[in-house]
């Protein structure tokens, strides 16, 4: 354990400032010697009075504080033991044999806690360098997996499918063959066109002949139609005349008079004779009746005459009716005879018209048959040409099938290439997953290594927090007389300047905190006030200055204090900066 401390180190630990060399008190703690650089003690006796605050680490916390500071120094600095027994480091493995800095075990899993230095002093020789997880960059990145290497090989060996060449040759042959059929198709097309033209010419010729025959038949039909129309007009005149005769009383009477003379007069004579004989019979019967027959006979005679008149009227009416019906029948018979003659004339004209129509139809049929033959000849020519074209089409279809087969062959090659690429891609994806898993393992190992490196510092920080939560300061106030030094007399500070010198001299002096005075500067820790605490030595040209000294010291940098608390920093007459530690606080 270190037993000799500089004035600055002890002041940072809260020890009182003495006027002699630094020494360790029997009850614990340290007393700082006077001066910052070995200057002679000031003369006693002075009316100046000052107050000094002494802070001592309690005895129950001192072992923990010293242990924490020692562990911190071992963790952050390279140290060497001067005198006494050197410390042995803890093993850098955990209980399972995994590399962990300061794990407390050796590579075989045996405990190796390490031992602290005893006796002598521990000096800091430098800051421990950063120890990386590995100096080989490839240890930080997972290598390619076997599946990825296999995928790389598959991609490197891929070639254009052989089906592409076969498909190209087949498609070329099909294209050349299809081009060769174009001339034949054109020839057959010309043949069909010629046959169609010939059929059209024949059709025009027979069509014209049929039109002429139709015109001739139409002329004959028109002639017979004119005769029929004339005969129809004659029949209409006959009908009109017969109609007039049918409604003429004189014409009907001419047919009725012979019937009345020959039939009605004899019938009336017979009727009168019958009723005369009946009247005579009735008179005879009345005479036989005597006186009672006169009145009855008159009555019977009257009834007989009445019946005779009724019978005579009925006879005349029936006779005239029969005469009219007989006359009408005779007139109709005569009219029918006239109309029948006219109808026979019309029938003759119709037969003539029908004959003319049949002759025209036969002529038209003949021309139609000729036209049909011409059409059939044209159709046969066109069919022949179409058959030739069908043959050409069959050839083209064959070439088309060959072209389709070439396309299918190329598609199969493309599918085969796609399948190979899909396999390579699947291998790459699976290999990438494997590589990622390996990378995760490496990342976790790097994280574990970083955690192992930070773990001691975290534990020390935790211990430091625990110690800071305990009462660590014991404040006492002492009053004493201090005479003015020659420095304060020269600078004109007087007694007040001497008091200020005593206050700053133990912690860094009125100018000892300036960074321009120091060298071999090592950052140690951060004080509760947020300022960084450094270990340093004064440069050789300032070691003999009364405000500096020889050896190593601990304190602040005036330039850093000035940024956060400028009122605690002032510049001395030599141009260097000084810090008022009573305002800032000691570097604890």
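Every number here is computed from the coordinates shown, using simple stated rules; none is lab data. Remember, it's a predicted structure, so these values are computed and weren't measured experimentally. With ideal geometry, Cβ positions are generated from the backbone for all residues, glycine too; neighbour counts draw on all protein chains shown.
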- prompt: So what are the three principal axis dimensions of segment 407-462 from its Cα atoms, in whole Å, longest to shortest?
  reply: 77, 11, 8
statement: Of the convex hull enclosing the alpha-carbon atoms of segment 165-425, the direction-averaged projected area in nm² is 40.5 nm²
query: What order do you get for 528-540, 336-348 when each peptide is scored by the mean count of other beta carbon atoms within 10 Å, highest first?
result: 528-540, 336-348
- prompt: How do the peptides 126-136, 554-564 rank, highest first, by the average count of neighbouring beta carbon atoms within 10 Å per residue?
  reply: 554-564, 126-136
- prompt: Can you give me the relative contact order of segment 165-425 as a percent, contacts being Cα pairs under 8 Å and 6 or more apart?
  reply: 52 percent
statement: Under the rule rounded for a/c under 1.5, else prolate if a/b exceeds b/c, else oblate, using alpha carbon gyration tensor axes a ≥ b ≥ c, segment 286-406 is classed as oblate
Where labels lie 7 Å past Cα in the beta-carbon direction, separation of residue 198 and residue 532 in nm: 11.6 nm
task: Assign one of three labels to segment 156-249, namely rounded, prolate or oblate, based on the Cα gyration tensor with a ≥ b ≥ c the square roots of its eigenvalues; rounded applies when a/c is under 1.5, prolate when it is not and a/b is larger than b/c, and oblate otherwise.
output: oblate
